[in-house]
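To start, the structure itself, in structure tokens.
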Amino acid sequence: MTGINNRNNQFIDSELFDEKHFENELQKQSYHLTLFKETLQNATAVLKQRFMAGRAATELVQARSHVVDAVLIKAWSLYFPEDTNDVALLAVGGYGRGELHPASDVDVQILLKDDEDHHNDALSQFITFLWDIGLEIGHSVRTLKECVAEATADITVATNLQEGRLLIGPVELFNQQRELCAPDKIWPSKDFFQAKLDEQINRHQKYHDTAYNLEPNIKEGPGGLRDIQVIGWVAKRHFGADTLEELVKHQFLTQQEYQSLHEGQAFLWKVRFGLHVISGRREDRLLFDHQRELAKQFGYQDDRHHLAVEYFMKQYYRTVMELSRLNEMLLQLFKEEILLSEDSSEPVKINSRFQSRKGFLEVAYDGVFKRYPFSLLEVFLILEQHPELKGVRANTIRLIRDHRYLINEQFRSDLRCKSLFMEIMRQTEGVTHELRRMNLYGILAAYLPVFENIVGQMQHDLYHVYTVDEHTLTVIRNLRRYTVPEFFHEFPLCSSIMLNVPKQEIVLLAGLFHDIAKGRGGNHSELGAEDAVVFCKNHGLSNFDSNLVAWLVRNHLIMSSTAQRKDITDPDVVHEFAQQMGDKMHLDYLFLLTVSDIRATSSSVWNSWKGTLLRELYSATETAFRRGLENPVIQSERIKDYQRQAREALVKKNIIEKNIDILWDTFGDEYFTRYSPNEIIWHTENILQAENTSTPLILLRKRPQGDGTEIFIHTQDNSNLFTIISSLIEQMNLTVLDARVFTSKENITLDTFLVLEADGSQLTDTLRIDELKEKLIHYITQPETATPSITKHIPRAAKHFKFPTRVSFENNEIQNQTMMKVIAYDRPGLLSQIGSAMHACEVTLHKAKIATYGEKAEDIFFITDDKGNAVNDQKQLNCLEQTITEGLDG
């Protein structure tokens, strides 16, 4: 029996596919390629028009599948007679489900009755024809025997075959394949479910178990379309269910849960359809390139607090969070039904409200939350206190979701609830894990309404790669990690401090509240501090502890700002920072919060250099406290101490003391305020041992702290030297972290650049090091040579965050220098362009602090005029501002 599956064709309207017209043209033409190609192009154009006009993607993906069905069946008929009874054409994968987005692959299987090759020529011509008419075909050719063998060996093949749908060919052949590959023959439900569960776990790990990246993958990421498909695959394998709605009949889903699942899928389909339309190709990453355009297409609008794209992405993140909740609950249900059904062990009582069944926590009876609302928090405390529990049973997850409405003002005022929440924060294990679970189940946002505002709130920049809620929970994870012995080696100073602070929950609460006011408008640190003090006092913390948490939230950016934007070798800067801290306890808590906060922004933001800056500031401030704030370090004392340490080490190396004195006399005191004793030893030894003083001395070494590679340049000064050196460094794709520029009394430059490779690793390749040295010597000795051109390209994502350059000036009367701050869109060649401007405007650079926050560079340059004084000439300042802004923005 041969048949054509017309189930899809009946839904195709003539605007998409006019079968009568198509058939007429097919009969008239001997060359069919153009007809098929134009038919598909017309359908694609119509579907795009309907999408742009607001038609639902759920309708459009099915309509495209129907059109492709019709076209494939017509194409098949060109190569295979109607009475062919030993080969069939099947739609598989997403196409088998009847879901085709504009640029999705069209996956088909050609099913052969046996392995005879009399259809080879026709099959080859058929597949070639499909490619020629513009279809992205994914195809396989298998006999019945091969189907069984390959499906048995590969779960992906088994899944594809399970979704197979007959397009044209013998029904008996199709049914035979389904029977041979059925669960009672291969991949029984238990094995199939375990394999799919393992697949999902591995897939989620690839995306760091979070769906809240700024450029998420809407198909493969947690909470994405693949998670919905996993549910469908397992349901089909175990229950034979063709649709998710059938899970309602099997009492695995409530009607409301099915509706949430359906609406979530519809939203993701809408986004994916839009991505394909905008990009003109298969695209599952929600890139910055497309986010704003989709937000506009979907009708989101800017307001004074948020961009339209932020509203759009917030809906996306909240959608995938809800889908993640449903996915977890349903997979847990499947696990209990499929994997644990044979476990007849009795439940183990935990208390009168909860028990453990088969290793999972469950309520003792369905009315627990109704009778004891505080149990909605108790469940998470029990999970912390019983690490042997593997999770929460599905029915209990459902009851938690269904009883979230009980968390109201009365609930929040209940002393039992307040005590439970604080106990959750004070546990020695599982704090981060359970806070994440509370967030996933919607309990954290219900209990803390101020937290609800940041759930799914993106920060539209390249510095923060996670949503605010995900970033916040990652900060807490980082803080908790310092207490785990197996991770002590990662940040030993942080671990030592964390284990010795009076109350760890203080810094955890500060982490919870530090960004809680993001997106409200105003100063989020001040607003967050207000929220924190209210919460703390309401939860029984003393006035001192409450104010300490609020102080940490209010000042959570100050240590990072000081370390990265100020000269922390300046005793006055350290003294001022120490006064802001007040005592070592405040310093300890803030150091922990600062390190954890920076590390939680993105994997690329934290580096060893930032760690060194923060440790040095911490150490210098700790020393200031020991010395006493009333007795600050005097610069002359520090210079003498540094010289003493360096001299003792150099004499031990048999360096003649008289030569040291002669050299140091040319340096002047300022040099010894710029460099550490270790650096002074390194410079002095190599300068005195240099044989050819007419050639620039170029030294490179890995910093003793392991936070970068130091490049030291000792040569005759040249007013354009900074531009030349920075151009070359950038041209070699190195990242400048810090620059110190110093000129001796004899007009000799002693410049130091701290660099890393572009990927954040150390510069260790000897060939690159030799190349860098050779080029530096070449360009320094021949300054008339054209400055090295920068060949790096601006990263794709960064192009969407351009903003005007801002230049500001502030005089430091004590040091008699001007601090020039440049806030600019980070790009290749930025430093060299700023260097050229300083050269053109005739100012001298002494020190540069380089800081990059995602797409934004905030670089600080300490400059003087040609007489060594702060720059007070307004013409010079105007020259700098105009030259820099025109050079960068022009």
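Descriptive notes on the structure:
- Distant-in-sequence amide contacts of I137, defined by a placed amide H-H separation under 5 Å and a gap of 5 or more residues or a different chain, comprise V106.
- Less than 5 angstrom separates the built amide H of D738 from those of L754, all sequence-distant by 5 or more or on a different chain.
- Set of aspartates and glutamates near K358 by C-alpha distance (under 14 Å), chain-local residues within fewer than 8 positions excluded: E336, E337, E342, D343, E346, E388
- Overall form of region 700-778 per C-alpha gyration tensor (a/c, 1.5; a/b vs b/c): prolate
- Farthest toward positive dipole pole in region 36-173 [+1 Lys/Arg, -1 Asp/Glu at C-beta], among W131, L90, A57: A57
- Amide hydrogen proximity for Y853: with H placed 1.01 Å from N in the peptide plane, the residues at 5 or more positions away or on another chain lying under 5 Å are E858.
- H305 accessible area, 1.4 Å probe, all protein chains in place, Å² to nearest 10: 80
- Net charge of Cβ neighbours under 13 Å - reference A63; Lys, Arg +1; Asp, Glu -1: -1
- Net charge of neighbours whose Cβ lies under 9 Å from the Cβ of V573, counting Lys and Arg as +1 and Asp and Glu as -1: -3
- Projecting the Cα atoms of N872, S375, A445 onto the dipole axis of the chain, where Lys and Arg carry +1 and Asp and Glu carry -1 at the beta carbon, places S375 farthest toward the positive end.
- Proximal lysines to K37, defined as alpha-carbon separation beneath 22 angstrom and excluding residues fewer than eight positions away on the same chain: K20, K28, K48, K74
- Probe 1.4 Å - accessible area at E322, Å² to nearest ten: 40
- Within the accessible area of region 430-542 (1.4 Å probe), percent carbon and sulfur: 55
- Dipole magnitude of the chain, debye to nearest 20 (Cβ charges: Lys/Arg +1, Asp/Glu -1, about Cα centre): 1820
- Sorting T693, T764 by solvent-accessible area of protein heavy atoms yields T693, T764, largest first, with a 1.4 Å probe.
- Kyte-Doolittle mean at least 0.0, axial Cα span of 30 Å or more - DSSP H helices of the chain: 57-79, 308-334
- Prolate/oblate/rounded call for region 352-408, Cα gyration tensor, a/c under 1.5 rounded: prolate
- Loop-resident sites, region 608-695, for GluC sites (Glu not before Pro), counting at most 15 other Cβ within 10 Å (DSSP): E630, E691
- Beta bridge orientation in the chain: antiparallel %, DSSP, nearest 5: 90
- Positive-end residue, region 597-643 charge dipole about Cα centroid, Cβ charges, pick of P632, S604, L617: S604
- Of the trypsin sites (Lys or Arg not before Pro) in region 512-558, those whose Cβ has at most 11 other Cβ within 10 Å and which sit in DSSP loop: none
- Charged side chains reduced to their Cβ positions (Lys and Arg at +1, Asp and Glu at -1) give region 300-363 a dipole of some 240 debye around its Cα centre.
- Between S124 and V141, the modelled labels are 0.8 nm apart [label points 7 Å from Cα along Cα→Cβ].
- Rounded to the nearest 20 debye, the dipole size of region 410-475 about its Cα centre is 260 debye, using +1 on the Cβ of Lys and Arg and -1 on the Cβ of Asp and Glu.
- Within region 81-144, DSSP assigns beta bridges of which about 40% are antiparallel (rounded to the nearest 5).
- Note that the chain presents 44 Å² accessible area per residue, ligands and nucleic acids not counted, probe 1.4 Å.
- Seen through its C-alpha gyration tensor, with square-root eigenvalues sorted a ≥ b ≥ c, region 515-605 comes out oblate because a/c lies at 1.5 or above while a/b is not bigger than b/c.
The values are calculated or read from the model by the stated rules, or taken from the named source; none is laboratory data. Quantities reported herein were computed from a predicted structural model and do not represent experimental measurements. In this analysis, Cβ positions are derived from the backbone assuming ideal geometry, glycine residues included, and neighbour counts consider all displayed protein chains. The area values use the complete protein model at the heavy-atom level, side chains included, leaving out ligands, DNA and RNA. Shrake-Rupley method; radii C 1.70, N 1.55, O 1.52, S 1.80 Å.
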